[in-house]
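To start, the structure itself, in structure tokens.
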Amino acid sequence: MADPVVFKNAFTAWSSSTGSAAATQIPGVKSVEMPLTKAELANSVMGDGAETFHPGLIGAQIAVMTRQEFTTGGMDSQAWTRWNSETKFRLKFRAVNSAVSSSNPSYIFSRVGLFSMTPMSGQHGALLENSLQFRLLSGCTVTRSTST
Amino acid sequence: MADPCLLSDCKIWLGGYDLTGACNKVQLTAAKRDNPNGRFGDVVDAFHPGLQQIDASVGGFWSAGSVTDPDDAIWPRIDPSVAVSSWPLTFCPPTSPSTAAGADGNLAYSIQSAQFRYTLGAQHGESLPFDVVSRVKSGALYRQTIVLPKGTINATTQGTGRQLGTLGSTQKLVAVLHVFAIVGGSWVLTIESDDNAGFATAVVRATATAVTTAPNRQVLEVNGPVALDDYWRAVVTKTGGTSITAAVTLSIENQ
């Protein structure tokens, strides 16, 4: 049984557009939540002793929490551009920030949008964080790759 | 990677009121509506970004009695006997890039707002807090540059010119004026543009209505195009009187 992966240096990246495969790391990531789900379509029929379901469309409400800072070209600037201009881009995640491999696969979302950000949220004395929420757009594919 | 922003300060301007000294928390969320957009062929539950959904709330310690007290500013915005109007609500974080919140050239987020919930109440013995929730009443969320930091000026004053870019045909200039105090006279804000940092050939692009009383506020919007000029500044022109305490933020936005 393999050791667990301590989630201390993940690869969390976005591209500038859907046509670009070049992924730049999202700056200052504190946490990543990537729930991959399938719609639970009720499918019980006569004869079933249990409530049964058939898997439907893939859902992925991806949430990334980052440091918030306002340097030129920094976190707030990059997020604002994607949110305000409704840029369509790719997301790529790996558990470890090292080469992709069978033990470190990439999860690639080919066409997403940034639907929510929090430019300022906190109490006096807190370190600001930017909570980014991504949604999958029409035409998006979800891929698990051990080579890309 | 830059250091995170420590929320040691945040300027909060509502209309002609500066709520900064009463507040100790701020929440600004910028979201887009999740419009379902799945088509045959999609294997994912797909969405298309819809209208902006802006959540803006501030909270702090309640007090009343003067223009620097939050209740004097907020109650008229909730009072059902007062006609609803749009007031700009501006947040200025620190370290954006200058350390001081509200510094010349720093970032500011603004909305043309109405206030929708004003909450008071506490346990016996606590310092009485307040919370106020605002929404966009018109326009959108604007990410702006401070071109005239809050200060008291005694003469016609030109703010620092900022290279914000040219104004495309599908863009507009948005200027937000907060007037906190006036000691006599009539004061007019104009927004000028030029193609050089020295403003040798400045052109007036927007003129606000003259302000003679405070608290006060205005929002100017000017549609593009302005093709060659990419430098912008605020000018406050004095006619009589002694002083004005005001701030101006500016941005180029989509129409």
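The values are calculated or read from the model by the stated rules, or taken from the named source; none is laboratory data. In this text, all values refer to a predicted model and were calculated from it rather than measured experimentally. Every residue, glycine among them, receives a Cβ derived from its backbone with ideal geometry; neighbour counts consider all protein chains shown.
Annotations for the structure displayed:
- One residue alone among A:Val112, A:Val96 is at pLDDT below 95, buried (at least 16 other Cβ atoms within 10 Å of the Cβ) and either on the phi < 0 side of the Ramachandran plot or part of a loop (DSSP other than H, G, I, E, B) (or both), and that residue is A:Val96.
- Subset tally (residues that are surrounded by fewer than 24 Cβ atoms within 10 Å (Cβ to Cβ) and at the interface with chain B (Cβ under 7 Å from one of its Cβ atoms)) for the range A:122-132: 6
- Filtered residues of the range B:170-205 (kept if acidic (Asp, Glu) and over 11 Å from B:Arg233 (Cβ atoms)): B:Asp195
- B:Thr207 being closer than 17 Å to B:Ile153 by Cβ and under 19 Å from the mean Cα position of the chain (by Cα): no
- Test: B:Ser251 is in contact with an Asp or Glu (Cβ under 6 Å, 6 or more places away or on another chain) and assigned to a strand (DSSP E or B): no
- Residue that is over 22 Å from A:Glu86 (Cα atoms), at pLDDT 95 or above and assigned to a loop (DSSP other than H, G, I, E, B), where the choices are B:Gly105, B:Gly59, B:Gly65, B:Gly125: B:Gly105
- A:Gly56 being surrounded by fewer than 20 Cβ atoms within 10 Å (Cβ to Cβ), within 14 Å of another protein chain (Cβ to nearest Cβ), within 28 Å of B:Val58 (Cα to Cα) and over 16 Å from the mean Cα position of the chain (by Cα): no
- Lone qualifier among B:Ala22, B:Ala30 - being at the interface with chain A (Cβ under 8 Å from one of its Cβ atoms), small (Gly, Ala, Ser) and either surrounded by fewer than 18 Cβ atoms within 10 Å (Cβ to Cβ) or in contact with a strand residue (DSSP E or B) (Cβ under 9 Å, 6 or more places away or on another chain) (or both): B:Ala30
- Evaluation of B:Val222 against (1) modelled with pLDDT of 95 or more; (2) out of contact with any Ser or Thr (no Cβ under 6 Å at 6 or more places or on another chain); (3) surrounded by fewer than 19 Cβ atoms within 10 Å (Cβ to Cβ); (4) not in a loop (DSSP other than H, G, I, E, B) (one fails), failing number: (1)
- Top-ranked residue of the range B:86-98 - restricted to ones that are in contact with a strand residue (DSSP E or B) (Cβ under 8 Å, 6 or more places away or on another chain) and of a type in the set (Gly, Ala, Ser), ranked as surrounded by the most Cβ atoms within 10 Å (Cβ to Cβ): B:Ser96
- Taken together, A:Ser85, A:Ser44, A:Ser102, A:Ser77 contain a single residue that is within 14 Å of chain B (Cβ to nearest Cβ), without any contact (Cβ under 8 Å) to a residue 60 or more places away in the chain, surrounded by fewer than 13 Cβ atoms within 10 Å (Cβ to Cβ) and out of contact with any helix residue (DSSP H, G or I) (no Cβ under 8 Å at 6 or more places or on another chain), which is A:Ser85.
- Selection count where residues are touching a Leu at 6+ places or on another chain (Cβ under 9 Å), more than 7 Å from chain A (Cβ to nearest Cβ) and polar (S, T, N, Q), scope the range B:36-58: 2
- Verdict on A:Ser138 being surrounded by fewer than 20 Cβ atoms within 10 Å (Cβ to Cβ) and within 7 Å of another protein chain (Cβ to nearest Cβ): yes
- Screening B:Thr166 against (1) surrounded by 15 or more Cβ atoms within 10 Å (Cβ to Cβ); (2) closer than 18 Å to B:Gln218 by Cβ leaves a single unmet condition, (2).
- Selection status of B:Phe61, among the aromatic types (Phe, Trp, Tyr), within 12 Å of chain A (Cβ to nearest Cβ), surrounded by 17 or more Cβ atoms within 10 Å (Cβ to Cβ) and in contact with a strand residue (DSSP E or B) (Cβ under 9 Å, 6 or more places away or on another chain): no
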